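Quick notes on the structure that follows.
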Amino acid sequence: MSTAFWCESAWVDGAVATGVLLTVDDTGTLTAVDTGIAVAPEGAEVVPGLVLPGGVNAHSHAFHRMLRGRTHGDGGTFWTWREVMYSIAGRLTPENYETVARAVFAEMLAGGYTSVGEFHYVHHAPDGTPYGRDAGSSPHAMERALARAAASAGIRLRLLDTAYLTGGIGADLTAEQARFGDGTIAGYLERHARLGEYLAAEFPVGAPGESFVHLGAAIHSVRAVAAADLPRFTELSGPLHVHLSEQPAENEASVAAYGTTPTQVLARAGVVSERLSPVHATHLSDADVATLGQSGTTIVMCPCTEADLADGIGPARELAEAGATIALGSDQHVVLDALRETQGLEAGERLRSGQRGRFSPAELIAALTTGGARSLDLPVGELVPGAACDFIAVATDSMRTMGSLGEQIVLTATAEDIRMTVSGGIVRIRDGVHTELGPIADLYAAAFAALGMTTAVSGTRVSGTHASGTAG
């Protein structure tokens, strides 16, 4: 671990500063951030380009990455995509999921993320039996596999332990969904509490830079948790996430069952507050926007996934103006490129409004960094003393970025331009290669092999299921 990094330029206090010296203690926590240092001190690692705080990926489903490039051949809808996703979920075991997640988290680091909120709902064995019920498995095996994968890759994890109790409003879980459920809301809360104890014992929280595993909670959606059960989430503390109004069909089902939109169902239950992060928030009424903004929620937009699944473009600018904070996520990982997600936020706004500059470069950087940090309640997102030493270095001299002015580089760079990723004061990525785990393509080759999936260029079907699939 380096004890100091001298940055040619860096994003500090909302502006580009030159000659920035980052001093780090032995826990990976920043102790000093000094600007205007013309020459790198002896012993400091020199970091060329523009340094940005590490990106915060506020919404991830790690195993969805295994569908990339496999669901595009036949059109389809969100709902048909979901059926293909279920076929992958059915293959997961604690052992192979750790292999998969390690590859995905390594790619996230290369793509500019140093923290992730993993929206996790594959809790049990495929038939719904909890792990640890027999001698061949340990309790919370899937969750602990994700935690180990994150720690080994060096990405900061907020494990968003997800309640998924119904297959639709008033409907039982399907056979494919059996491993997601806990039976009742009491069952979920009991398992969640026990999980917290296991994670605290195995991954104790210490100084900001050295703490890599944190627990949070999530409501899968109003489709998957009954309205009568939602108030129970006020008993929990810390970050709470929820898929919200990603598809018009969800709104229609909510209105039919409850007489109002998913946002208002959540508001009636008392869970719409500053700790809530609605994900997608694509199809909202004006009243929904006002409710989410006035409550100070953090909205997690996932532009690349929302485009890939033809979800639509959510009212990000209106939500921000109403008082919500905007954050970003990669969801199903159609790409793992923090800068492309950042650009996608602004691109979507331009396409739906016919106006440029809906979000300034500074606002886009905030969505990628401090917005996500707020959503996940992690000590990251800024280069300030007391925060974790997490950052990325973006090349300013590539064929894409040459000539970009200051922070406008976030609208021109891609993951190809990220030359270094640091978390906890440790260099994790150099020129696209993980410094401890090696080439990331090799990690994926192992992941596909572990799932029994081919990587050869062949047909357009996954496990006999049409390659146009669904998200969960």
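Residue 179 falls short of the stated requirement of being among the basic types (Lys, Arg), closer than 29 Å to residue 83 by Cβ and touching a strand residue (DSSP E or B) at 6+ places or on another chain (Cβ under 9 Å).
The one condition from (1) at positive phi; (2) in contact (Cβ under 8 Å) with a residue 24 or more places away in the chain that residue 36 does not meet is (2).
A single entry from 277, 254, 295, 285 fulfils the requirement of being within 18 Å of the chain's Cα centre (by Cα) and of a type in the set (Ser, Thr, Tyr): 277. Pairing each residue of the range 39-59 that is farther than 21 Å from residue 106 by Cα with any residue that is open to solvent by less than 10 Å² (accessible area, probe 1.4 Å), provided the two are 6+ apart or on different chains, yields C-beta distances under 6 Å for 45/5; 49/393; 49/394; 49/395; 50/394; 50/409. Considered as a group, the residues in the range 1-20 that are polar (S, T, N, Q) and within 28 Å of the chain's Cα centre (by Cα) include one that is farthest from residue 419 (Cα to Cα), and that residue is 2.
Taking into account only those residues within the range 36-50 that are in a loop (DSSP other than H, G, I, E, B) and small (Gly, Ala, Ser), which is nearest to the chain's Cα centre (by Cα)?
Of the residues in the range 36-50, the ones in a loop (DSSP other than H, G, I, E, B) are 36-44.
If we keep only those that are small (Gly, Ala, Ser) too, we end up with 36, 38, 40, 43-44.
Numbers: 36: 34, 38: 36, 40: 34, 43: 35, 44: 32 Å.
It comes out as 44.
For the range 282-305, a residue qualifies if it is surrounded by 21 or more Cβ atoms within 10 Å (Cβ to Cβ) and either outside any loop (DSSP other than H, G, I, E, B) or aliphatic (A, V, I, L, M) (or both), and the qualifying residues are 284, 288, 289, 292, 298, 299, 300, 301, 303, 304, 305.
Look through 273, 237, 221 and report the one residue that is within 23 Å of residue 183 (Cβ to Cβ) and assigned to a loop (DSSP other than H, G, I, E, B). One residue alone meets the criteria, 221. The helices (runs of 4 or more DSSP H) found entirely in the range 308-414 that carry 1 or more residues being crowded, with 18+ Cβ neighbours inside 10 Å and touching a Cys at 6+ places or on another chain (Cβ under 7 Å) are 338-353.
Here's the yes/no breakdown for (1) assigned to a helix (DSSP H, G or I); (2) open to solvent by 30 Å² or more (accessible area, probe 1.4 Å):
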{"position": "66", "(1), (2)": "yes, no"}
{"position": "76", "(1), (2)": "no, yes"}
{"position": "96", "(1), (2)": "yes, no"}
{"position": "100", "(1), (2)": "yes, no"}
{"position": "109", "(1), (2)": "yes, no"}
{"position": "117", "(1), (2)": "no, no"}
{"position": "122", "(1), (2)": "no, no"}
{"position": "131", "(1), (2)": "no, yes"}
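Within the range 309-317, can one find any residue that is of a type in the set (A, V, I, L, M, F, W, C), within 21 Å of residue 247 (Cα to Cα) and within 18 Å of the chain's Cα centre (by Cα)? Yes, there is a match, as at least one residue in the range 309-317 is of a type in the set (A, V, I, L, M, F, W, C), within 21 Å of residue 247 (Cα to Cα) and within 18 Å of the chain's Cα centre (by Cα). For the range 377-426, which residues satisfy the criterion of being of a type in the set (A, V, I, L, M) and in contact with a Pro (Cβ under 6 Å, 6 or more places away or on another chain)? Of everything in the range 377-426, those that are of a type in the set (A, V, I, L, M) and in contact with a Pro (Cβ under 6 Å, 6 or more places away or on another chain) turn out to be 383, 387, 388, 410. Screening the range 187-202 for residues that are without any contact (Cβ under 8 Å) to a residue 24 or more places away in the chain and open to solvent by 30 Å² or more (accessible area, probe 1.4 Å) and picking the one that is nearest to residue 157 (Cα to Cα) gives 200. If you go through the range 5-28 and keep only what is under 30 Å from residue 145 (Cα atoms) and surrounded by 22 or more Cβ atoms within 10 Å (Cβ to Cβ), you end up with 24, 28. Over 15 Å from residue 334 (Cα atoms) and either open to solvent by 30 Å² or more (accessible area, probe 1.4 Å) or among the hydrophobic types (A, V, I, L, M, F, W, C) (or both): does that describe residue 56? Taking the combined requirement at face value, the residue satisfies it.
The values are calculated or read from the model by the stated rules, or taken from the named source; none is laboratory data. Given the structure is predicted, the values throughout are model-derived calculations rather than measurements. Because the Cβ atoms are built from the backbone with ideal geometry, glycine has one as well, and the counts that use them run over all protein chains shown. Please note that ligands, DNA and RNA were not included when accessible areas were found on the heavy atoms of the full protein model with its side chains. Shrake-Rupley method; radii C 1.70, N 1.55, O 1.52, S 1.80 Å.
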